[in-house]
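The values are calculated or read from the model by the stated rules, or taken from the named source; none is laboratory data. Since we're looking at a predicted model, the values are computed, not measured. Virtual Cβ from ideal backbone geometry, glycine too; neighbours counted across all protein chains shown. SASA here: full protein model, heavy atoms, side chains in, ligands and nucleic acids out. Shrake-Rupley method; radii C 1.70, N 1.55, O 1.52, S 1.80 Å.
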Amino acid sequence: MRRLIERHPFASDAGLAVALAGLVLSDVWTSGQYFTASKAIYVPAALLMTLPLAWRRRAPLTVAIVVMGALVFESLAVGSAPIPDSQLVGWLVAIYSVAAHCDRVAALVGGAVSLGAGLVWMGLDDFLFPIVVFGGAWLAGRLVRQRHVYALALEDRAAALERERGANSRVAAAEERARIARELHDVLSHSVSVMVVQAGAERLALGSGRAATGEALEAIEQTGRQALAEMRRLLGMLRADGEPPAHAPQPTVADLEHLVSHVREAGLPVELLIQGDPTALPPGVAVCAYRIIQEALTNVLKHAGPASARVVVRYATHALVLEVADDGRGMREAEGAGHGLIGMRERVALYGGDFDAGGRNGGGFVVRARLPLAATPA
């Protein structure tokens with residue numbers, strides 16, 4: 001019923017108006033001996049006090065003026081004769097509506113008009129009754145409006161925060177991709193440099209006896225040097241303003257013992273387990289694995305509180321499996337969607353792997369990553 005009313009507000013208000021009109025007219029016709037004034041006064045007044053309520057949301061101030069005007073007309077026209085008490089429902093609905101659906105100025109105007117009509121109805125001697133009854137309906141409407149405005153403000157704020165969160169996530173992902181590209185530049189530069197040096201050395205060793213092969217190797221050497229120059233230019237575009245170039249080699253899985261020792265010195269007990277037979281990893285995968293474990297341990301230091309961590313590196317047949325688990329308090333939802341996890345997801349996605357992070361049963365947080373390894377040619 002509530003959903004139906006919210007979907008069709010005018011229809012529901014029209015139904016309410018017709019029902020109130022029927023109630024008041026029934027009261028007028030069935031109590032003819034009590035209502036001694038002419039029905040030519042009661043019937044039009046009843047219709048004016050009820051049927052306009054169908055537009056109480058679309059034009060609340062106009063409806064309030066019409067309803068209160070009908071009350072003034074009826075009160076003055078019948079004189080000392082009684083008027084139907086059932087009309088009070090329509091008056092209160094009109095007063096509530098003008099307070100709930102109008103801005104401050106229009107609501108004050110509607111309240112003043114209603115109070116004036118109430119004083120005409122009851123007289124100055126009984127001024128407290130319209131003040132209390134009409135004022136209560138008006139105050140209820142204002143309270144409902146304030147709550148509605150507050151709810152809309154909260155919805156707008158939540159939507160703005162969600163948009164900001166999405167924008168921050170996109171920025172963080174872009175920054176992480178640039179960082180990954182800078183790291184991969186070092187790996188690729190090293191590989192291409194080795195190719196260039198080997199091609200140059202082989203060309204010199206051949207001498208002039210095998211000119212065709214020497215020319216081919218020279219072409220490989222020149223192409224490699226051009227590729228190195230283009231990669232350096234690309235790195236310059238990716239580097240942030242003022243960021244100095246990195247000269248140290250990129251860390252790999254072989255440097256995990258050094259990383260774990262630094263984390264232990266920072267106050268986090270860490271257990272490192274290497275499972276399976278260690279094999280030579282592609283340079284990019286080795287750097288990716290190190291960075292994932294580094295970021296996961298950093299998150300433990302930041303968010304887990306007093307805790308211990310366990311790092312597992314498992315060499316599977318065609319994949320490198322990583323797991324970093326802690327027994328701390330875990331991360332809140334907002335922390336779990338932070339830049340650290342975004343960066344880890346980006347790294348794993350780069351190599352077509354699987355990534356998962358979340359709370360553990362019994363407390364704590366766990367990060368799992370699976371990095372596929374290309375099959376080694378025979």
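The table that follows gives values for the structure above.
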{"quantity": "Qualifying residue in the range 81-101 (condition: closer than 15 Å to W121 by Cβ, assigned to a loop (DSSP other than H, G, I, E, B) and among the hydrophobic types (A, V, I, L, M, F, W, C))", "calculated": "yes"}
{"quantity": "Lone qualifier among A337, A316 - being surrounded by fewer than 17 Cβ atoms within 10 Å (Cβ to Cβ) and at pLDDT 85 or above", "calculated": "A316"}
{"quantity": "Any hit, the range 14-23, residues being open to solvent by less than 40 Å² (accessible area, probe 1.4 Å), in a loop (DSSP other than H, G, I, E, B) and in contact (Cβ under 8 Å) with a residue 60 or more places away in the chain", "calculated": "no"}
{"quantity": "The range 98-138, residues that are among the aliphatic types (A, V, I, L, M) and without any contact (Cβ under 8 Å) to a residue 12 or more places away in the chain", "calculated": "V105, L108, A112, L119, M122, L124, L128, V132"}
{"quantity": "Candidate set: the range 296-313, residues that are assigned to a helix (DSSP H, G or I) and crowded, with 19+ Cβ neighbours inside 10 Å; chosen: the one modelled with the lowest pLDDT", "calculated": "H303"}
{"quantity": "Residue in the range 98-111 that is acidic (D, E), within 30 Å of H148 (Cα to Cα) and open to solvent by 30 Å² or more (accessible area, probe 1.4 Å) present", "calculated": "yes"}
{"quantity": "Top-ranked residue in the range 87-97 [being open to solvent by less than 20 Å² (accessible area, probe 1.4 Å) and of a type outside the set (V, I, T); ranked as farthest from I41 (Cα to Cα)]", "calculated": "S97"}
{"quantity": "Members of the range 25-61 that are in a loop (DSSP other than H, G, I, E, B) and surrounded by fewer than 18 Cβ atoms within 10 Å (Cβ to Cβ)", "calculated": "S31, G32, Q33, Y34, T36, A37, S38, R57, R58, A59"}
{"quantity": "Some residue of the range 350-358 being over 19 Å from E295 (Cβ atoms) and at pLDDT 85 or above", "calculated": "yes"}
{"quantity": "L119 being closer than 23 Å to G79 by Cα and surrounded by fewer than 22 Cβ atoms within 10 Å (Cβ to Cβ)", "calculated": "yes"}
{"quantity": "Qualifying residue in the range 153-175 (condition: of a type in the set (A, V, I, L, M), closer than 30 Å to F73 by Cβ and touching a residue at least 40 places away in the same chain (Cβ under 8 Å))", "calculated": "no"}
{"quantity": "Test: residue in the range 28-50 that is touching a residue at least 60 places away in the same chain (Cβ under 8 Å) and under 25 Å from G135 (Cα atoms)", "calculated": "no"}
{"quantity": "The range 253-287: number of residues that are farther than 13 Å from V321 by Cβ and open to solvent by less than 50 Å² (accessible area, probe 1.4 Å)", "calculated": "11"}
{"quantity": "Positions within the range 1-13 being among the acidic types (D, E) and open to solvent by less than 40 Å² (accessible area, probe 1.4 Å), in sequence order", "calculated": "D13"}
{"quantity": "Tally of residues being modelled with pLDDT of 85 or more and of a type outside the set (A, V, I, L, M, F, W, C) across the range 319-334", "calculated": "3"}
{"quantity": "Odd one out for L256 among (1) more than 26 Å from Y351 (Cβ to Cβ); (2) modelled with pLDDT of 90 or more", "calculated": "(1)"}
